[in-house]
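Each remark here refers to the structure printed beneath this line.
The values are calculated or read from the model by the stated rules, or taken from the named source; none is laboratory data. Keep in mind that what you see is a predicted model, and the values were worked out from it rather than measured. Glycine gets a Cβ as well: all are built from the backbone with ideal geometry, and neighbour counts include every protein chain shown.
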Amino acid sequence: GAALCYPATVNRSLALLLALALLASSASAQQAAAQAAGVAQPPPGPILLTLTGKGAQVYQCQAAGAAPQWVLSYPDAQLLDPQGRLVGSHRAGPSWRYKDGSVVYGEVLRKTPAPSPGNVAWLLLGASSHQGTGILTAVQTIERTDTHGGLPPTAGCDAAHSGSVTRVAYSATYVFRAAPPQP
């Protein structure tokens, strides 16, 4: 068969179109995976920060109903930037503190089981208040996804251990979004 030859500009245009189509299908695939996992599409506000939280979920053995159980007390995690540098912390409240001194507090708007068993839920949180000045004062929502670990133990909490505390290692991705632009 005869080979077809096209001018270089046509080849570059075709390559660009193919690259854009692949990029669009990748984004659509990510949205479809998030929807399949039960997480709605992200809020429309622009992303301010994407950080990794690494640390522990701290649980306390408490009397609850018929039998004592492990109850989440607070998270205790470091926040790392994409290069792995320490840039903040995640503590009780829940709260997130950034290296510029700004703090955002959140409240759960939506909780979805993690797609993989054995991991803490994925969350959408709304900012309930802010402190300081800096990037986190513009945050409207926080998304917790890509969780690993962090579930409470399945044993060790009984009447004899009431009040005891345990730390369970976890990691997660936190996406901080600003309010959507006003039309």
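Annotations
- Elements of the type strands (runs of 3 or more DSSP E) sitting completely within the stretch 99-182 and holding at least 2 residues that are aromatic (F, W, Y): these cover 165-178.
- Pick from the stretch 85-110, criterion without any contact (Cβ under 8 Å) to a residue 24 or more places away in the chain and of a type outside the set (D, E, K, R), ranking: nearest to L136 (Cα to Cα): S95
- P44 under 19 Å from S164 (Cβ atoms) and either in contact with a strand residue (DSSP E or B) (Cβ under 6 Å, 6 or more places away or on another chain) or at pLDDT below 95 (or both): no
- Some residue of the stretch 148-165 being surrounded by fewer than 16 Cβ atoms within 10 Å (Cβ to Cβ), among the hydrophobic types (A, V, I, L, M, F, W, C) and under 19 Å from L79 (Cα atoms): no
- Summed over the stretch 82-117, the residues that are loosely packed, with under 15 Cβ neighbours inside 10 Å and of a type outside the set (K, R) give a count of 13.
- Of all residues in the stretch 84-98, those being under 14 Å from the mean Cα position of the chain (by Cα) and part of a loop (DSSP other than H, G, I, E, B) number 1.
- Some residue of the stretch 145-161 being more than 19 Å from the chain's Cα centre (by Cα) and among the acidic types (D, E): yes
- Output for the stretch 166-183, where each listed residue is farther than 16 Å from S89 by Cα and surrounded by 14 or more Cβ atoms within 10 Å (Cβ to Cβ): T166, V168, R177, A178, A179
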